Structures are given as structure tokens and as C-alpha cells.
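Heads up: the structure comes next, in C-alpha cells.
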Amino acid sequence: MGKTIIPYGRQAIDQEDIDAVVNTLKADFLTQGPKVEEFEKAFADYIGSRYAVAVSNATAGLHLAVMALNLKKGERVITSPITFAASANCVRFCGGEVWFADIDRDTYTLSLESTKALIESMPKGFFKGIIPVDFAGLPVNLEKFRELANEHNLWIIEDACHAPGAYFTDSKGVKQNSGNAVYSDMSVFSFHPVKHIACGEGGMVTTNSQTLYKSLSKLRTHGITKDNMAENHGGWYYEMQELGYNYRLTDIQSALGITQLRKNSHGVIKRNEIAQRYKASFEGKLKFQSLPEGMYNAHHLFVVEVEDRKELYNHLRNQNIFAQIHYIPVHTLPYYKTIGYSDADLKNSETYYSKCISLPMYPTLTAEEQEFVISKVLEFTYA
Ligand SMILES: *Cc1c(COP(=O)(O)O)cnc(C)c1O
């Protein structure tokens with residue numbers, strides 16, 4: 001122990017995954033073949049949404065989602081500061097303004113109260129949308145956010161990158177899978193290797209709206225379509241109806257996504273077993289993310305809070321345990337500072353950031369490795 005590196009997260013690729021990719025390489029299509037559609041359909045079935053649109057990564061998916069909702073220059077959107085920068089950047093890609101509401105001190109997700117207070121402190125119509133993040137794999141209660149959004153005529157894009165396999169229970173007692181888009185307009189997932197499902201790069205946007213589905217599909221491929229054309233010059237003819245991008249996922253990546261997706265439920269169970277062992281070891285000693293009733297956390301991350309975070313980070317690093325920090329609050333990143341966020345009053349987020357550290361969390365982490373991590377954390381915090 002202590003020699004091989006234990007990262008905070010890692011992908012698990014098995015022979016089935018390798019065979020799927022090799023078979024696709026031998027087939028007729030490398031991109032935009034049958035595997036893309038098969039992956040989209042399997043993903044929509046798994047999550048429980050009507051539609052799923054595969055994209056080159058989640059950042060592209062967030063960009064398309066904001067575009068599909070027609071965000072205009074200067075329009076304002078609220079998100080959490082405790083997220084990966086892409087949750088906010090997608091608004092900037094469209095020329096919009098990002099406003100940050102604070103996180104809840106216990107769940108670490110966007111606070112409904114803080115979001116409501118921010119909306120109500122401004123004139124009617126000031127904001128266009130909200131991008132809540134299922135941080136670390138813990139769902140946001142989107143039913144409550146939807147009520148607030150409806151009152152103020154806002155859209156919701158759920159950043160579900162951490163949460164395939166998570167759910168919350170709504171007021172009718174129905175389990176709502178993260179990303180099923182029942183209470184959001186669209187939800188976005190990532191297939192970056194540190195996330196649950198690894199495609200190398202990749203993402204998915206889910207929705208239940210046919211209009212948004214068509215819009216996303218067109219924007220993903222340059223704004224080009226053969227549907228609803230004003231003219232038709234022959235079999236070759238297509239129209240570029242708006243300015244889109246090349247944000248397509250390949251057949252090779254989709255083949256991998258299909259086999260990876262099949263293993264996700266099992267992976268989430270493993271992640272929850274690991275979380276249980278961490279919680280049992282740290283209960284009463286260290287603060288960790290709370291689990292509100294009726295919720296199931298997909299545990300992309302397991303975060304604890306400590307007073308001497310930097311020292312613990314270095315202490316673990318010396319043992320080849322590569323813990324990580326999630327996240328530097330987005331409003332404090334130099335880019336956001338220079339566009340005027342340096343005075344944002346987001347106390348919970350800043351307090352959280354001063355103490356948080358993400359411990360190793362991935363399905364193939366062995367019990368022995370985890371015991372080693374736990375002992376190194378406790379020996380530091382209770383030395
Ligand atoms: C990883 C991540 C993204 C971006 O995903 P990519 O697929 O790398 O573009 C966006 N939001 C959150 C919360 C993430 O963790």
C-alpha cells in the first residue's frame with residue numbers, strides 16, 4: 001500500500017467495452033452510424049426521458065441547450081458557484097449574464113431559498129432561466145425549483161453530469177430519476193472518463209419536448225436539416241436553417257457508451273457501498289454531504305470538510321492518494337472576476353470551498369484501498 005496511485009475517480013473498461021469498440025471499427029460507419037441512435041434510445045430508456053440527443057461532450061450539450069431556449073445577449077441565468085465552470089460558461093457562449101445564488105450548507109447544491117431571494121430582489125422578468133447542478137451525484141429537488149421557475153416564467157436546464165442513476169422523490173411519492181426532464185426543460189450528462197459512463201469524450205441532452213429535441217438535433221449538426229425545407233432540388237438537397245455547430249458524437253464512442261451504460265446501475269450501487277463505509281468511519285468526526293429523505297445519491301464524488309484542507313491534501317498526496325478539490329467557486333475564477341464577480345456575497349460557497357476535499361470514489365476502489373484512505377484521513381485529522 002502507498003505505492004500505486006489511488007486517484008479520486010477513474011473509469012472501468014472491461015473486455016465487453018473493448019469488443020464493442022473494435023467491432024464498430026470494423027463496421028461501415030465510424031461516425032453518425034447506427035450506434036449513435038442505439039445509444040440515444042438506450043440512454044432515454046434508462047433515464048426515463050422521451051428523447052436523448054448525443055453530443056461530443058457535456059459542455060457542447062449545455063451550449064446547445066441554452067441555444068435551443070433562444071437565450072439572447074445580455075439575458076440573465078442563475079446557477080451554482082460550486083460546479084464545473086461549464087455550467088456557467090454555456091450562458092456566456094450565448095452572450096448571456098451569469099448570476100450566482102448560494103449553495104445549501106448541508107447538501108452543497110444550489111439553495112432554493114437563496115435562488116428565490118435573488119429572483120425576488122430583482123424586477124419581474126429580470127432572469128430567463130436556472131441551471132441547477134446535481135452536485136457530487138446528489139439530486140436537486142427539481143419539483144420545488146419548477147414551482148419557483150413557473151412563478152417567474154423561467155426555464156430550467158438541469159446539469160446532471162454527476163448524477164446518472166440518482167433520483168429524488170416528488171410530492172406525489174414518485175421517484176424521479178435525475179435527468180428525466182420531467183421538471184426540467186432539458187438535462188445534460190457527461191461521458192468524460194471521471195464521470196460514471198466513459199466514452200473518452202461525450203455527452204447527452206435529455207428532454208420530453210419534441211420541439212426542443214428537433215432544435216437540439218439540428219444545432220448539433222451545423223443547423224443543417226432535410227426536414228421542413230422551403231425548397232427541394234433533389235435527393236442531395238438540404239438546408240442550413242440556422243447557425244449550428246459540429247457537436248456530434250461518433251459511432252465508436254457510442255458503442256462504448258452503450259456497454260458502459262449497461263454497467264451503470266451496478267456501478268452506482270458500488271459507489272453507494274463505498275459512501276456507506278466512508279460515512280460509518282467519519283460519522284461524528286467530519287462533515288460530509290447530507291442525504292435528504294427520499295433521495296438517492298449517484299456519488300460521482302465523496303466530499304468531506306476539514307479545517308486544514310491543504311495539509312490533508314498534501315498528506316494524502318505523500319501517500320499517493322490523489323484527492324481533489326471540487327470546486328473552486330466559479331465566481332472566483334479569474335475570468336469571472338474580471339467581468340465583475342469579485343464582490344459576490346456567496347458565504348456558504350466560500351466556506352465550503354475553504355474546507356472541502358473529494359476522497360477516492362469509483363466502483364473498482366477496493367475495500368483494502370478504501371481502508372487505507374480512511375486511516376490516512378483519520379490519522380491526520382485526529383493525530
Ligand atoms: C464534467 C462536467 C461538465 C462538463 O462535461 P464535459 O463532458 O467534460 O464537457 C459540466 N458540468 C459538470 C457539473 C461537470 O462535472
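We did not get these values from a lab; they are worked out from the coordinates using the rules stated. Since we're looking at a predicted model, the values are computed, not measured. Glycine also receives a Cβ, built like all others from the backbone with ideal geometry; neighbour counts cover every protein chain displayed.
Some notes on this structure:
- Computed magnitude of the charge dipole of the chain (debye, nearest 20; Cβ of K, R +1, Cβ of D, E -1): 260
- Subtracting the Cα-Cα distance of residue 354 and residue 105 from their residue separation scaled by 0.36 nm leaves 88.4 nm.
- For residue 360, neighbours were defined as the other residues whose beta-carbon sits under 14 Å from its Cβ, and their charges (Lys and Arg +1, Asp and Glu -1) total +2.
- Choice from 137, 48, 234 with maximal GNM fluctuation in the chain (Cα, 10 Å cutoff): 234
- Other residues lying with their Cβ under 13 Å from the Cβ of residue 47 contribute a combined charge of -1, Lys and Arg counting +1, Asp and Glu -1.
- The range 258-301 and the range 74-106: distance between their alpha carbon centers, rounded to Å: 26
- Binned Cα-Cα distance frequencies in the range 78-213 - 5 Å width, integer %: 2, 11, 20, 24, 23, 13, 5, 2, 0
- Share, in percent, of DSSP beta bridges within the chain that are antiparallel, nearest 5: 60
- For the range 158-209, the residue among 194, 169, 181 whose Cα projects farthest onto the positive side of the dipole built from Cβ charges is 169.
- Projecting the Cα positions of 296, 334, 318 onto the charge dipole of the range 265-381 (unit charges on Cβ atoms of Lys, Arg, Asp and Glu, taken about the Cα centre) puts 334 furthest along the positive direction.
- Each of 94, 199 was scored by other Cβ atoms within 10 Å of its Cβ. Listed from fewest to most, they are 94, 199.
- DSSP beta bridges confined to the range 154-241 are antiparallel in about 75 percent of cases.
- The dipole here belongs to the range 265-381: it is taken about the Cα centre, uses +1 on the Cβ of Lys and Arg and -1 on the Cβ of Asp and Glu, and is about 160 debye.
- Cβ-Cβ FRET estimate between residue 15 and residue 322, R0 fixed at 35 Å, reported to 0.05: 0.85
- Taking all C-alpha pairs of the range 265-381, those more than 26 Å from each other amount to 26 percent.
- Highest-first arrangement of 223-229, 329-335, where packing means the average Cβ count within 10 Å: 329-335, 223-229
- For the chain, built as a Gaussian network whose Cα springs stay under 10 Å, the top-fluctuating residue of 15, 324, 289: 15
- Cubic angstrom per residue, convex hull over Cα atoms of the chain: 145
- Anisotropy class of the range 126-283 from Cα gyration tensor, a/c 1.5 cut: oblate
- For the range 147-180 versus the range 342-383, the inter-centroid distance based on Cα atoms is 27 Å.
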